[in-house]
Amino acid sequence: MGALAWVMMAIAIWHFTIFIPDRFWGGIVGALLGAVVGGFLVALAINGFGVPGESETHIATSVDAIPGSLIGIAVVYLAGVRRGNAALEL
């Protein structure tokens with residue numbers, strides 16, 4: 001149940017990438033994958049490489065995914081910038 005909370009928080013953080021120029025490696029889907037993978041891995045490390053069960057999951061469990069999501073999004077963004085992805089001009 002904790003993994004579901006982590007992934008949902010990562011997706012919630014990912015929604016804010018609409019305010020950033022789209023220079024992500026893989027576009028907006030790459031940003032989604034970076035947020036979910038980063039959020040899950042960092043939250044897993046915070047919890048001692050164990051996933052909290054249903055009775056151990058609290059509201060604060062989802063907060064563990066926030067730093068990982070931001071790191072994952074930043075890594076995918078910097079990879080896109082390094083590859084020379086141009087921002088979409090509207």
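Computed values, structure above
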quantity	calculated
For the chain, built as a Gaussian network whose Cα springs stay under 10 Å, the top-fluctuating residue of 27, 80, 48	48
About the Cα centre, charge dipole magnitude for the chain (Lys/Arg +1, Asp/Glu -1 at Cβ), debye	360 debye
Accessible area in square angstrom per residue, the stretch 41-90, 1.4 angstrom probe	69 Å²
Selection of trypsin sites (Lys or Arg not before Pro), the stretch 10-90, meeting DSSP coil and at most 16 other Cβ within 10 Å	83
Segment residue 15-residue 78, extension gain: residue separation times 0.36 nm, minus the distance between their alpha carbons	20.9 nm
Å³ per residue enclosed by the Cα convex hull of the chain	74 Å³
Highest-fluctuation residue, 26, 39, 53 considered, GNM on the chain with Cα pairs under 10 Å	53
The stretch 19-74, relative contact order [Cα under 8 Å, separation at least 6], %	50 percent
Options 47, 81, 11, ranked by Cα towards positive dipole end of the chain, top entry (Cβ charges)	81
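The values are calculated or read from the model by the stated rules, or taken from the named source; none is laboratory data. Values in this document were obtained by computation on a predicted structure and should not be read as measured data. We place every Cβ from the backbone using ideal geometry, glycine too, and count neighbours over all the protein chains shown. The area values use the complete protein model at the heavy-atom level, side chains included, leaving out ligands, DNA and RNA. Shrake-Rupley method; radii C 1.70, N 1.55, O 1.52, S 1.80 Å.
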